[in-house]
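The values are calculated or read from the model by the stated rules, or taken from the named source; none is laboratory data. Note that the structure is a prediction, hence the values are computed from the model and not measured. Neighbour counts run over all protein chains shown; Cβ positions are idealised from the backbone, glycine included. Calculation scope for accessible area: heavy atoms of the full protein, side chains included, ligands and nucleic acids excluded. Shrake-Rupley method; radii C 1.70, N 1.55, O 1.52, S 1.80 Å.
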Amino acid sequence: MNTTRDVVAIPGDGIGPEVMDATRQVLDAAGAPLTWHEHQAGVAALANGDPVLPDRTVDAIRECRVALKGPCTTPVGKGFSSVNVQLRKALDLYAAVRPVRSLAGVKTRFDNVDLVIIRENTEGLYSGVENVVTPGTVMSMKVATERACERISAWAFDYTRKRNRKGLTVFHKANIMKLTDGLFIRKSAEVAAENPDIPYNEVIIDAGCMRMVQDPSQFDVLLLENLYGDVVSDLCAGLVGGLGVVPGANIGEREAVFEAVHGSAPDIAGKDIANPLALIMSSVMMLNYLADQEGLDAMRTAADRIKQAYNACLESGKKTRDLGGMLSTTEFTAALIDTITAA
Ligand code: ATP
């Protein structure tokens, strides 16, 4: 097969360009039939004299419908609104999906973590509406709409069924935020009633976090509003080895943008020590998405090769420092490519 699939690459900034470069090398080695269209966002776009989210970046994603994205920093305190939030809103990428799994070869307190976090991506406290009420008093607006609460619940139940997962739990704080979180769980419960075959639970988020760190195996698919999803994603990353091993996808009706859960990690940028695995795993999610949506079997084959290679590398102790290994970004990438080519 000679045809390739056009996809957008947004390297981002901080460790973004390093982990994107590693990921593209690994995808090439695995024979993923992709043609890349590189575009910028965040400080990399500003450096070109463009806005943080240039129209041509968004247009390119609309055209290709699929993008792989590195972390993008939004400059603090200069009136810029978050690139990630703008992009999710521009394309209405309402469902963030983050699989969190124990990996053989990465030792943590638990070896049986297998969770999927589904985060509502478009509203909650990410409405971006903050006001000075009176001098010394500020306010941030939490938004919940029936439409967004219902569609994320429907999406989450659909995902749970299609993936044969065991059940779905909503983390919330509806005992305090009676209207906003109240609406979120009311809509989830309504969708749950339409899907009686899927076990459904509602757990107050503080108790849920305690139970999570005691025994993560009691949860399966988690459904959360925007901010809780952000916080609980990092909490769960900590159960399986950290931010270096948690991938993600932001999915809308038409477009999907795949990106790691971690940010631009400026403290380690340019040092050749970042773990590229989270973006590599995100690219595997992208390949499987293309295989599912468009029946592209070559994507599935490449995804399987990459997955086998990183499992083999980790199990034989070839890992970056964040996972207790000794390898640099480039050494780990080379080890992955050697394993893929040797297979
Ligand atoms: P954001 O708010 O943009 O999501 P953050 O404050 O959560 O960012 P990150 O940039 O995600 O911060 O990372 C937090 C820390 O975790 C980093 O400073 C870095 O030390 C570590 N870290 C994150 N990603 C990686 C990675 N891929 N490899 C190694 N260490 C990482």
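For LYS173, go through the lysines and keep the ones whose alpha-carbon is under 27 Å away, minus same-chain ones fewer than eight residues off.
Correct list for LYS173: LYS89, LYS142, LYS187.
What ranking of THR339, THR3, THR160 comes out by heavy-atom accessible area, probe 1.4 Å, highest first? All intermediate terms of the calculation are to be shown ahead of the outcome.
On the way: THR339 40, THR3 95, THR160 0 Å².
My answer, sorted largest first, is THR3, THR339, THR160.
If you build a Gaussian network model of the chain, linking Cα atoms that sit under 10 Å apart, which residue out of ALA30, ALA47, ALA148 swings the most?
The residue that fluctuates most here is ALA47.
Which percent of the accessible area of the chain is formed by carbon and sulfur heavy atoms (probe 1.4 angstrom)? Display every interim value, and only then the final one.
On the way: 7840 of 15130 Å².
With neighbouring chains kept in place, the figure for the chain is 52 percent.
If I ignore ligands, DNA and RNA and count only protein heavy atoms, how much of SER82 is accessible to a 1.4 Å probe, in Å² to the nearest 10?
Around 40 Å² of this residue is reachable by solvent.
Within 15 Å, Cβ to Cβ, of GLU130, how many net charges do the neighbouring residues add up to if Lys/Arg are +1 and Asp/Glu are -1?
Values: positive: LYS142; negative: GLU123.
Cβ neighbours under 15 Å give a net charge of 0.
Please list, in order along the range 65-70, the HN-Hα scalar couplings obtained from phi with the Karplus expression 6.51 cos²θ - 1.76 cosθ + 1.60 (θ = phi - 60°), rounded to whole Hz, x for Gly and Pro.
So the J values, rounded to whole Hz, are 6, 9, 9, 10, 10, x.
Of VAL191, LEU53, MET326, which is farthest on the positive side of the dipole of the chain, counting Cα position, with +1 on Lys and Arg Cβ, -1 on Asp and Glu Cβ, and the Cα centre as origin?
Value computed over the given set: VAL191.
Could you size up the charge dipole of the range 280-340 around its Cα centre, putting +1 on the beta carbon of Lys and Arg and -1 on that of Asp and Glu, and report it in debye to the nearest 20?
On the way: 6 positive and 8 negative charges, 41 e Å.
Computed about the Cα centre, the dipole is about 200 debye.
Around ASP6, which amide H atoms from residues at least 5 apart in sequence, or from another chain, sit under 5 Å from its own amide H, with H modelled in the peptide plane?
Sorted by chain and number, the residues that satisfy this are THR35.
Relative to the Cα centre, what is the charge dipole magnitude of the range 128-239, using +1 at the beta carbon of each Lys and Arg, -1 at the beta carbon of each Asp and Glu, and rounding to the nearest 20 debye? Present the calculation step by step, with values, prior to reporting the outcome.
On the way: 13 positive and 15 negative charges, 36 e Å.
So the magnitude is around 180 debye.
Highest GNM mean-square fluctuation, the chain, Cα pairs closer than 10 Å: which of ASN275, ASN164, ASN201?
ASN164
Could you identify which residue out of LEU179, LEU91, LEU227 has the top mean-square fluctuation in a GNM of the chain using Cα springs shorter than 10 Å?
It is LEU179.
Would you list LYS178, LYS318, LYS69 from the most to the least accessible area, probe 1.4 Å? Numbers along the way, then the final one.
Values: LYS178 140, LYS318 90, LYS69 5 Å².
Of LYS178, LYS318, LYS69, the descending order of accessible area is LYS178, LYS318, LYS69.
What number comes out for the charge environment of VAL231, summing +1 per Lys or Arg and -1 per Asp or Glu over other residues with Cβ under 13 Å away?
Details: positive: ARG98, ARG119, LYS173; negative: ASP206, GLU225, ASP230, ASP234.
Around VAL231, the surrounding residues sum to -1.
Put +1 on the Cβ of every Lys and Arg and -1 on every Asp and Glu Cβ in the chain; which of MET141, GLY252, GLN40 then has its Cα farthest towards the positive end of the dipole?
MET141
May I have the pair-distance distribution P(r) for the chain, computed from all Cα-Cα distances with 10 Å bins from 0 and rounded to whole percent?
Reading the bins upward from 0: 5, 25, 34, 26, 9, 1, 0.
Using 20 Å as the cut-off for backbone N distance, which residues of the range 99-131 belong to the label zone defined by a point 7 Å from the Cα of ASP206 along Cα→Cβ?
Label zone hits: 125.
Going toward the positive end of the dipole of the range 128-239, with +1 on Lys and Arg Cβ and -1 on Asp and Glu Cβ, which of CYS236, GLY167, ILE204 do you reach last?
GLY167
If you count only protein heavy atoms with a 1.4 Å probe, what accessible area per residue comes out for the chain, rounded to a whole Å²? Kindly include the intermediate steps, with their values, before the conclusion.
Working: 15130 Å² over 343 residues.
Result: 44 Å² per residue.
Which distance in Å, rounded to a whole number, links the C-alpha centroids of the range 154-185 and the range 262-295?
26
Counting Lys and Arg as +1 and Asp and Glu as -1, each charge on the Cβ, what is the dipole of the chain about the Cα centre in debye, to the nearest 20? Walk me through the numbers before you get to the answer.
Numbers: 35 positive and 43 negative charges, 89 e Å.
That gives the chain a dipole magnitude of about 420 debye.
Can you give the FRET efficiency for ASN131 and ALA104, using 1/(1 + (r/R0)^6), R0 = 51 Å, r = Cβ-Cβ distance, to the nearest 0.05? The partial results should precede the final answer.
Working: r = 50 Å, r/R0 = 0.98.
After rounding to 0.05, the efficiency reads 0.55.
Let me check something: with ligands and nucleic acids excluded, how do GLU315, GLU146, GLU225 order by accessible area (1.4 Å probe), largest to smallest? Don't skip to the answer; put the middle values down first.
Working: GLU315 120, GLU146 100, GLU225 10 Å².
Final ranking, largest accessible area leading: GLU315, GLU146, GLU225.
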